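What follows is a short report on a single structure.
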Amino acid sequence: MEHVPVQNVATPSAVGARPGGSEPDHPQIGPLVKAPARAPAPQIIGARGLAKTYPNGQAVFAGVDLDIRADQRVALIGSNGAGKSTLLKCLIGLLPSTSGEITTLGERFLAAPTGAQLTRLRRQIGFVFQNHGLVGRQSVLTNVIQGKLGLKGSWRAWHHALARQEWREEAMAVLAEVRLADKADARADQLSGGQAQRVAIARALIRRPKLLIADEPAASLDPAVGRDIMRIFSELAGEHGITLVYTTHDMQHALDYSDRIVALKDGRVHFDRPTARVSPRDMEGVFHG
């Protein structure tokens with residue numbers, strides 16, 4: 001067997017020392033200083049003790065506490081009738097809650113936001129619902145630019161011919177991101193269901209929102225198209241640094257396209273944890289347990 005000579009290695013006390021035991025060339029390194037803890041991301045949605053009961057006395061949910069931070073992709077799941085869409089709408093001020101406190105994008109309110117608060121919220125939120133709500137007789141480009149409605153100078157967003165040049169350029173850019181730039185001049189009623197939902201995503205993105213809300217965005221689409229829509233949602237939210245909150249009753253959509261899952265069951269938060277810590281068995285317990 002070949003013998004490999006062992007080299008003499010200086011001990012730590014001898015490193016940098018001069019011959020004869022004189023002082024080292026470099027000062028000794030002191031104890032390492034622990035890096036400061038990373039500050040938490042800004043809060044986007046906070047809820048404390050939130051409850052909703054319909055006028056007929058039917059309780060939807062109660063005791064809901066949430067803390068959603070910037071850049072998170074949150075799946076809000078539950079079986080049909082669990083109240084996930086109602087909770088989502090309460091959190092952004094579209095439905096009044098019965099009790100509790102909500103803070104969304106810095107706007108704090110109890111039952112419902114004031115008119116001024118709701119206006120400020122809408123300017124910072126992009127919406128995509130199961131029904132895409134496109135204007136069928138208008139072009140795809142006009143539908144996307146109409147995402148600017150409600151913003152300053154938005155009367156120009158009624159039609160792409162009235163819109164500012166930079167708005168038209170923005171619309172073409174977001175259409176390219178959802179792979180529909182070639183459909184800009186097509187009428188919206190000529191699109192497939194998946195294409196229409198991609199236009200709805202582009203319409204939401206052109207607002208440059210801090211928060212993107214999607215209520216069952218893939219529920220009416222076939223499975224393959226639904227997966228494509230959810231992948232686009234998740235990827236674009238990450239690329240643009242937008243907080244994404246979406247409702248779904250599809251277990252796989254929750255597992256594949258979120259980094260946090262909040263599950264509703266029997267009117268309560270059943271669990272709220274990082275997606276990496278949620279197992280298929282946990283999901284089965286939400287829908288079938």
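The values are calculated or read from the model by the stated rules, or taken from the named source; none is laboratory data. All values derive from a computational prediction rather than experimental measurement. Cβ placement follows ideal geometry from the backbone for every residue including glycine, while neighbour counts extend to all protein chains displayed. These area figures cover heavy atoms from the full protein model, side chains too; ligands, DNA and RNA do not enter into them. Shrake-Rupley method; radii C 1.70, N 1.55, O 1.52, S 1.80 Å.
Taking into account only those residues within the range 267-287 that are closer than 15 Å to ASP65 by Cα and among the charged types (D, E, K, R), which is most open to solvent (accessible area, probe 1.4 Å)? Lay out the reasoning, then the answer.
At the first step, the residues of the range 267-287 found to be closer than 15 Å to ASP65 by Cα are 267-273.
Next cut, among the charged types (D, E, K, R) only: 268, 272-273.
Numbers: ARG268: 126, ASP272: 63, ARG273: 63 Å².
Looking at the filtered set, the residue picked out is ARG268.
Here's a check for you: in the range 238-265, which residue that is of a type in the set (Gly, Ala, Ser) and closer than 17 Å to GLY126 by Cα is least open to solvent (accessible area, probe 1.4 Å)?
GLY241
With SER97, SER22 as the choices, which residue is modelled with pLDDT of 95 or more, in a loop (DSSP other than H, G, I, E, B) and not aromatic (Phe, Trp, Tyr)? If you could, list the steps in order and put the result at the bottom.
Details: SER22 fails: modelled with pLDDT of 95 or more.
Criteria check complete, one pass: SER97.
Scanning the range 103-142 for residues that are of a type in the set (A, V, I, L, M) and in a strand (DSSP E or B), which turns out modelled with the lowest pLDDT?
Start the filter on the range 103-142 by keeping residues that are of a type in the set (A, V, I, L, M), which leaves 105, 110-112, 116, 118, 121, 125, 128, 134-135, 140-141.
Within this subset, residues satisfying the condition of being in a strand (DSSP E or B) are 125, 128.
On the way: ILE125: 94, VAL128: 89.
If we take residues in the range 103-142 being of a type in the set (A, V, I, L, M) and in a strand (DSSP E or B), then VAL128 is modelled with the lowest pLDDT.
Within the range 221-244, identify whether any single residue is part of a strand (DSSP E or B) and under 15 Å from ALA82 (Cα atoms), and answer yes or no. Give the steps one after another, and end with the answer.
Within the range 221-244, the subset part of a strand (DSSP E or B) is 243-244.
Among the residues that remain, those that are also under 15 Å from ALA82 (Cα atoms) are: none.
Scanning the range 221-244, I find no residue that is part of a strand (DSSP E or B) and under 15 Å from ALA82 (Cα atoms), so the answer is no.
Need the failing condition index for SER192 against (1) in contact with a strand residue (DSSP E or B) (Cβ under 9 Å, 6 or more places away or on another chain); (2) modelled with pLDDT of 90 or more; (3) among the small types (Gly, Ala, Ser), just the number.
Of everything listed in (1) in contact with a strand residue (DSSP E or B) (Cβ under 9 Å, 6 or more places away or on another chain); (2) modelled with pLDDT of 90 or more; (3) among the small types (Gly, Ala, Ser), SER192 misses just condition (1).
So is GLU235 touching a residue at least 60 places away in the same chain (Cβ under 8 Å), among the acidic types (Asp, Glu) and either touching a Ser or Thr at 6+ places or on another chain (Cβ under 8 Å) or open to solvent by 20 Å² or more (accessible area, probe 1.4 Å) (or both) or not?
Taking the combined requirement at face value, the residue does not satisfy it.
Please determine, by comparing only the residues of the range 208-245 that are of a type outside the set (S, T, N, Q) and in contact with a Phe, Trp or Tyr (Cβ under 7 Å, 6 or more places away or on another chain), which one is nearest to ILE92 (Cα to Cα). Don't jump to the end; show me each part of the working.
Residues of the range 208-245 of a type outside the set (S, T, N, Q): 208-219, 221-233, 235-242, 244-245.
Subset that is in contact with a Phe, Trp or Tyr (Cβ under 7 Å, 6 or more places away or on another chain): 213-215, 217, 230-231, 233, 244.
On the way: ILE213: 9, ALA214: 12, ASP215: 12, PRO217: 17, MET230: 21, ARG231: 24, PHE233: 19, LEU244: 13 Å.
Once the filter is applied, the top-ranked residue is ILE213.
For the list (1) touching a residue at least 60 places away in the same chain (Cβ under 8 Å); (2) under 16 Å from the mean Cα position of the chain (by Cα); (3) open to solvent by less than 50 Å² (accessible area, probe 1.4 Å), I need the number of the one condition that VAL199 fails.
Among (1) touching a residue at least 60 places away in the same chain (Cβ under 8 Å); (2) under 16 Å from the mean Cα position of the chain (by Cα); (3) open to solvent by less than 50 Å² (accessible area, probe 1.4 Å), VAL199 violates only (2).
Which of the numbered conditions does ILE206 fail, given that it passes all the others? Conditions: (1) open to solvent by 40 Å² or more (accessible area, probe 1.4 Å); (2) touching a Gly at 6+ places or on another chain (Cβ under 6 Å).
With respect to (1) open to solvent by 40 Å² or more (accessible area, probe 1.4 Å); (2) touching a Gly at 6+ places or on another chain (Cβ under 6 Å), ILE206 is out only on (1).
Looking at GLY115, GLY63, which is the one that is open to solvent by 10 Å² or more (accessible area, probe 1.4 Å) and without any contact (Cβ under 8 Å) to a residue 60 or more places away in the chain?
Being open to solvent by 10 Å² or more (accessible area, probe 1.4 Å) and without any contact (Cβ under 8 Å) to a residue 60 or more places away in the chain holds for just one of GLY115, GLY63, which is GLY115.
Checking the condition buried (at least 17 other Cβ atoms within 10 Å of the Cβ) and without any contact (Cβ under 8 Å) to a residue 60 or more places away in the chain, which residue from ILE92, ILE102, ILE45 passes? Talk me through it step by step, then tell me what you get.
Values: ILE92 fails: without any contact (Cβ under 8 Å) to a residue 60 or more places away in the chain; ILE45 fails: without any contact (Cβ under 8 Å) to a residue 60 or more places away in the chain.
Of ILE92, ILE102, ILE45, the one residue that is buried (at least 17 other Cβ atoms within 10 Å of the Cβ) and without any contact (Cβ under 8 Å) to a residue 60 or more places away in the chain is ILE102.
For the range 175-209, what are the residues that are assigned to a helix (DSSP H, G or I), within 18 Å of ARG123 (Cα to Cα) and aliphatic (A, V, I, L, M)?
Within the range 175-209, the first condition is being assigned to a helix (DSSP H, G or I), and the residues that meet it are 175-177, 181-183, 188-190, 193-205.
From what's left, within 18 Å of ARG123 (Cα to Cα): 200-205.
Listed by number, the residues that qualify are ALA200, ILE201, ALA202, ALA204, LEU205.
Would you check if ALA173 is over 19 Å from PHE233 (Cα atoms), open to solvent by 50 Å² or more (accessible area, probe 1.4 Å), free of Cβ contacts under 8 Å to residues at least 40 places away in the same chain and aliphatic (A, V, I, L, M)?
On the way: over 19 Å from PHE233 (Cα atoms): no; open to solvent by 50 Å² or more (accessible area, probe 1.4 Å): yes; free of Cβ contacts under 8 Å to residues at least 40 places away in the same chain: yes; aliphatic (A, V, I, L, M): yes.
Criteria not met by ALA173.
Checking LEU88 against (1) more than 23 Å from the chain's Cα centre (by Cα); (2) assigned to a helix (DSSP H, G or I), which single condition isn't satisfied?
(1)
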